[in-house]
Amino acid sequence: MPAALAGIIICLPVIMVLAAGLLDGGGAAWTHIQDNLLARYLSGTLFMLGLTGALCLLFAVPAAWLVTMFRFPGRGVFEWLLILPLAAPGYVLAFAWADLGSVSGPIQTGLRDATGWSARDYWFPAISSLPGLSFVLACTLYPYVYLTARAAFVSQSVCTLEAARSLGAGPSRTFFSVALPAARPAIAAGLALALMEAAADYGAAEFLGVPTLTYGIVRAWKSFGEPAAAARLAFILIAVIAVLIVTERAARGRAGIQQSSSRWRDIPRVPLKGAKAAGAVIFCTLLFLFAFAFPVSRLVWRSLEVGRGSAPVFDALLNSVMLAGAGAAFAFVLALLIALAARAKSPAALFARASAVSGYAIPGAVLALGALAVIAGTPFTLSGGVALVALAWVYAARFTAAGTEPMTAALARAPASMGQAARSLGAGPARRALAVDLPVAMSGAAASALILFVEALKELPATLMLRPFNWDTLAVRAFAYASDERLAAAALPSLMITLAGLGPVILLSWQLSRARPGAAP
């Protein structure tokens, strides 16, 4: 029963949005959107997803193959450095790259100083464009593909790879003919997750002026004041995400390779020398620099330039901590209920787990619309404490899955004999859950709490739509400054969000290094 209740709490906003999208006509605002804007929103989303996906594959798969299969200078460092871009939300990288690539930014200024050209004498790629948005999102999202591809390459059968080499296949042929087809399901899963995050983006798309469905949802609610029209756009976005999920499942297919008893043996890495080693180092270095080091360094520089003028940001920091803490606590309770019920494999437990996963796939703007629809059916208005409770609810619906997984993994590692011993001593299901499962699940609580807190801290569109008047978080303050072209002022809150995101990323990297199959003890 508690797990079923948790599932209902999570999926209710989605149900309300689907109902509004199907049943409400949307009025004159929807007619205007349908006639003039819908094609731009849909084409912008689809082209952005296609280009972002291609860039993620281009960045992530070669990097994962290099650090897994070869030895070259710095390989061990690059293995975890390439995960760090996950710490920075897409809108933060958009702010940083817009500042770096502007006419007055360091890149173009250095180019003019070195050549003596004026700004009219050369062409420079515009970051405020669809390719620019795709580049920014690929920089922050490629680690999803990198992590799943690396895990797949590490887990492949050593015997299969050695057989390919013994038949005369070189590294390139082994990669394209053996390793890549076997890793395709994992790569597809990572790419689907990255593209769902890209579809949910609002801050980067709005700042760079690229019309997408999520941008349209927030605009329909904010500018037109028409939740029904926004709900119809949300319905279309949910359909796009559903297509991504179905496509990912189809791409998995029945792909795989037969494993042998040597599956978990250490993969013998091939040493690279000379130009090949230099090429591997250059590729990994450039990827890290462009995806993380350059933009974050620019944020640090701009933050130091602002100096004492950054005092208002700390009010936003306090609001962020309070709001993210409330949302994380709510999500943590739901995640704990779902994790404890997971062992039962009852219909209620399966429903709760499915609800948590589906909530994570739905953009924050869509869940915020669902919360607004629920509030509209009550005597309450969206102000003060009601708005904060609604935000905590949306955070929980969006991120409970991220907190459920560490606790579920902790329970899965516990020996079945613990539960059997409790049953043999006459403990009923409730007592067994409290005395045995709860302490085991809490071993993953620290990771869950940290992940939930940081994810809530970074959420932008839902916070923009539901926050009380004059209640700015770090994400909202950074977005407001950047929208006003005050990029120097936006640097400090953006940097704070990125630094907060480093915690879970470093924890993830450490856990992967300890849990790697085949690693020496």
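Structure notes:
- Of the Cα atoms belonging to the range 67-162, the radius of gyration and Dmax stand at 18.7, 59 Å.
- Placing a label point 7 Å from the Cα of Leu37 along the Cα-to-Cβ direction, the residues of the range 457-483 with a backbone N closer than 20 Å are 460-467, 480, 483.
- Arg249-Asp121 FRET efficiency (beta carbon distance; Förster radius 56 Å; 0.05 resolution): 0.65
- Distance-filtered residues of the range 465-483 - backbone nitrogen under 18 Å, label point 7 angstrom along Glu305 Cα→Cβ: 478-483
- Ordered from largest to smallest accessible area (heavy atoms of protein chains, 1.4 Å probe), the residues Cys11, Cys56 come out as Cys11, Cys56.
- To the nearest 10, the accessible area of Met196 is 30 Å² with a 1.4 Å probe.
- Taken as Cα centroids, the range 189-210 and the range 81-149 sit 16 Å apart, rounded to the nearest whole angstrom.
- Net length gained if the chain between Arg71 and Val333 were fully extended (0.36 nm per residue, minus Cα distance): 89.9 nm
- Note on Leu286 and Ala239: their simple-model spin labels are 4.1 nm apart, each label 7 Å out from Cα toward Cβ.
- The range 49-103 shape via C-alpha gyration tensor axes, a/c threshold 1.5: prolate
- Exposure of Val454 as accessible area (Å², to 10), given a probe of 1.4 Å and all protein chains: 10 Å²
- By a 1.4 Å probe calculation restricted to protein chains, Tyr215 has an accessible surface near 50 Å², given to the nearest 10.
- When Leu86, Leu93, Leu22 are compared by accessible area at a 1.4 angstrom probe, the order from most to least is Leu22, Leu86, Leu93.
- Residue separation of Lys222 and Met322 scaled by 0.36 nm, minus their Cα-Cα distance, works out to 33.5 nm of gained length.
- Between Leu507 and Ala114, residue separation times 0.36 nm minus the direct Cα-Cα distance comes to 137.3 nm.
The values are calculated or read from the model by the stated rules, or taken from the named source; none is laboratory data. These numbers were taken from a predicted model, which means no experiment stands behind them. A quick note on method: Cβ atoms are made from the backbone with ideal geometry, for glycine too, and the neighbour counts reach across all protein chains shown. Just so you know, the surface numbers come from the protein's heavy atoms only, side chains and all, with ligands and any DNA or RNA stripped out. Shrake-Rupley method; radii C 1.70, N 1.55, O 1.52, S 1.80 Å.
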